[in-house]
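Enquirer: Below: one structure in structure tokens.
The values are calculated or read from the model by the stated rules, or taken from the named source; none is laboratory data. These figures come from a predicted structure and were not determined experimentally. Cβ placement follows ideal geometry from the backbone for every residue including glycine, while neighbour counts extend to all protein chains displayed. Surface areas here come from the heavy atoms of the whole protein model, side chains and all, with no ligands, DNA or RNA. Shrake-Rupley method; radii C 1.70, N 1.55, O 1.52, S 1.80 Å.
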Amino acid sequence: MKRKIGLICLLFFILLSGCSNNKALSLTSTNQEHKPDYDQYILLEAELPNTDINKGKSILVKPMTLTKEDILFTIKSIVSYSDEIIIDKLPTQGEIELDNGSSLFYSFYENYIYLQECPQGIIQLEDWIKAGDAYPGEPKDTTLSHVIISQDSAIEQAQAIIRHLNVKDLSVSYVSKARILLPSFETYSEGWFIAFGNCFDPLYSPIYISSVLPNNRMNVKSQETAPWLPETMTFFIDETGIKAFQWADPVIIVEGSEAMINLLPIPKIYERITSYFQENCMWNYVISDADIPTIENIVLTNVLIKKQPNSVDEGKIQPAWAVYYTTAREKANYSLPSIVFFDAASGNIIDPFTLDDNAYQQ
């Protein structure tokens with residue numbers, strides 16, 4: 001039985017910024033009119049890889065179905081528990097007692113595993129907490145100051161689990177300090193939230209789907225969408241170990257599916273990005289400089305889109321340029337950045353974070 005789309009947005013994964021080490025670039029204008037002169041919008045700075053990337057891989061994939069044995073092996077790799085877990089059918093969920101005396105909530109589907117110690121707690125990321133009122137009355141700009149384990153050690157623990165599970169082609173896509181908050185508003189644990197995504201080339205930067213908003217302020221939407229949501233694996237880790245784990249939408253490569261494709265030169269991509277923002281932004285909503293779209297980052301990534309327009313059983317992963325953009329008003333309100341993807345081979349808009357009505361139908 002396939003997991004419904006809403007489960008990918010489980011409970012707490014609300015993030016306030018994307019991850020990348022690339023320099024920022026921005027669209028700016030000296031025009032103060034309600035409808036700006038598009039010709040005055042220019043890319044002020046654009047630092048991408050120094051070496052032009054001419055070719056990339058296009059890889060055919062299909063969904064991986066998790067068996068009961070896969071699920072039991074996964075949970076035994078992460079926690080020690082005394083209760084027996086009996087999986088009669090999928091989906092299923094429940095609680096078990098851990099050897100340390102606490103309890104663990106689990107939820108299993110054929111394409112989804114979720115585990116969390118302290119089931120009554122919710123995970124909150126530090127950027128969310130900084131916005132204020134993460135619980136009623138909590139001050140704005142509150143930070144987490146009791147994280148004992150280092151970020152590097154937490155990442156190493158997560159990577160060790162991934163190796164033990166023999167899961168390939170996953171790289172870090174997002175890292176944040178986080179806490180588990182009890183219903184009493186007391187903190188159960190402070191640690192690190194770490195997300196991993198598919199990465200089939202060291203030049204690519206995987207993007208965590210819950211760290212961005214869809215491309216929702218442009219007039220043009222892509223007809224090229226995803227057959228299912230991208231594979232993700234996330235961890236909450238403190239000094240005692242893994243407190244929460246999620247593995248969603250795993251994929252397997254179709255044998256003999258890798259092919260090299262020609263990519264557009266970077267100057268062509270800059271030109272495409274510039275014209276897209278000038279022509280397709282919903283300028284009627286730009287009522288002041290605080291509403292001007294600002295491109296904060298551009299990264300090369302690999303995205304999952306349909307192999308064919310109506311295909312939901314097989315997809316293709318290929319290179320794309322991900323453009324993060326926001327406005328001064330949205331940043332002041334702690335909104336997530338928006339994102340738009342450009343196919344690195346054609347320059348066309350693609351939308352790997354959107355599913356149509358045919359996806360996940362039983």
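Enquirer: When the chain is fully extended, how far beyond the present Cα-Cα distance does H146 get from E186, taking 0.36 nm per residue of separation? List each step's numbers first, then the result.
Expert: On the way: separation 40, 0.36 × 40 = 14.40 nm, distance 1.32 nm.
Residue separation times 0.36 nm, minus the Cα-Cα distance, leaves 13.1 nm.
Enquirer: OK, next. Quote to one decimal, in nm, the extra length available between T65 and K331 on full extension: 0.36 nm per residue of separation minus the C-alpha distance between them. Provide the component values of the computation, followed by the final result.
Expert: Values: separation 266, 0.36 × 266 = 95.76 nm, distance 3.95 nm.
Computed gain between T65 and K331 is 91.8 nm.
Enquirer: Next question, about the same structure. Leaving out ligands and nucleic acids, and using a 1.4 Å probe, what accessible area per residue does the range 224-313 come to in Å²?
Expert: Numbers: 3610 Å² over 90 residues.
Value returned for the range 224-313: 40 Å² of accessible area per residue.
Enquirer: Follow-up. Considering only the other residues whose Cβ falls under 11 Å of the Cβ of P214, what net charge follows from Lys and Arg at +1 and Asp and Glu at -1? Intermediate values should be presented prior to the final figure.
Expert: Details: positive: R217, K221; negative: D351.
Charge balance in the 11 Å sphere: +1.
Enquirer: Something else: Taking amide hydrogens as modeled 1.01 Å from N in the peptide plane, which residues meet the under 5 Å criterion relative to G132, leaving out close sequence neighbours?
Expert: Residues meeting the criterion, in which the H sits 1.01 Å from N, are D141, T142.
Enquirer: With just the Cα atoms defining each centre, how far is the range 150-216 from the range 77-107? Give it in Å.
Expert: Between the Cα centre of the range 150-216 and that of the range 77-107, the gap is 22 Å.
Enquirer: Residues with beta-carbon under 11 Å from that of Y204, excluding Y204: net charge, scoring Lys, Arg +1 and Asp, Glu -1? If you can, show how the numbers build up before the last one.
Expert: Working: positive: K57; negative: D169, D201.
Charge balance in the 11 Å sphere: -1.
Enquirer: Quick one: which residues, 5 or more positions from C118 or on another chain, have an amide H under 5 Å from its amide H? H modelled 1.01 Å from N in the peptide plane, none for Pro or chain starts.
Expert: Residues meeting the criterion, in which the H sits 1.01 Å from N, are S103, F105.
Enquirer: Let me ask another. Over the range 268-338, what number does the Rg to Rh ratio reach, with both radii from the alpha-carbon atoms and Rh per Kirkwood? Working shown, then result.
Expert: Details: Rg = 15.5 Å, Rh = 14.4 Å.
Dividing the radius of gyration by the Kirkwood radius yields 1.08.
Enquirer: Continuing with this model, one more query. Taking the simple approach of a point 7 Å from Cα along Cα-to-Cβ for both K221 and M282, what is their distance in nm?
Expert: According to this spin-label approximation, the distance is 1.1 nm.
Enquirer: Could you state the number of Å between the C-alpha centres of the range 254-274 and the range 321-339?
Expert: One Cα centre to the other: 25 Å.
Enquirer: Give the dimensionless ratio obtained when the Cα radius of gyration of the range 87-196 is divided by 2.2 N^0.38 Å.
Expert: Its radius of gyration relative to the 2.2 N^0.38 Å reference: 1.21.
Enquirer: Once both labels are modelled 7 Å past Cα along the beta-carbon direction, what's the Q308-I87 spacing in nm?
Expert: 3.2 nm
Enquirer: Can you classify the range 191-328 as rounded, prolate or oblate using the Cα gyration tensor, where a ≥ b ≥ c are the square roots of its eigenvalues, rounded means a/c under 1.5, and otherwise it's prolate if a/b beats b/c and oblate if not? Show your work: numbers first, answer last.
Expert: Details: a/c = 1.96, a/b = 1.25, b/c = 1.56.
Here the range 191-328 falls in the oblate category.
Enquirer: For L170, which sequence-distant residues (separation of 5 or more, or a different chain) have an amide H within less than 5 Å of its own amide H, given hydrogens modelled in the peptide plane?
Expert: Under 5 Å from the amide H of L170 lie the amide H atoms of C199, each far enough along the sequence or on another chain.
Enquirer: Roughly speaking, to the nearest percent, how much of the range 221-362's 1.4 Å accessible area is carbon and sulfur?
Expert: Looking at the range 221-362 in its full context, I get 48 percent from C and S.
Enquirer: A further question on this structure: Tell me the net charge near Y325. Cut-off is 10 Å between Cβ atoms, Y325 excluded, with +1 for each Lys or Arg and -1 for each Asp or Glu.
Expert: In short, -1.
Enquirer: Based on the Cβ-Cβ distance from D289 to N348, what FRET efficiency comes out when R0 is 30 Å, to the nearest 0.05?
Expert: With a Förster radius of 30 Å, E is 0.45.
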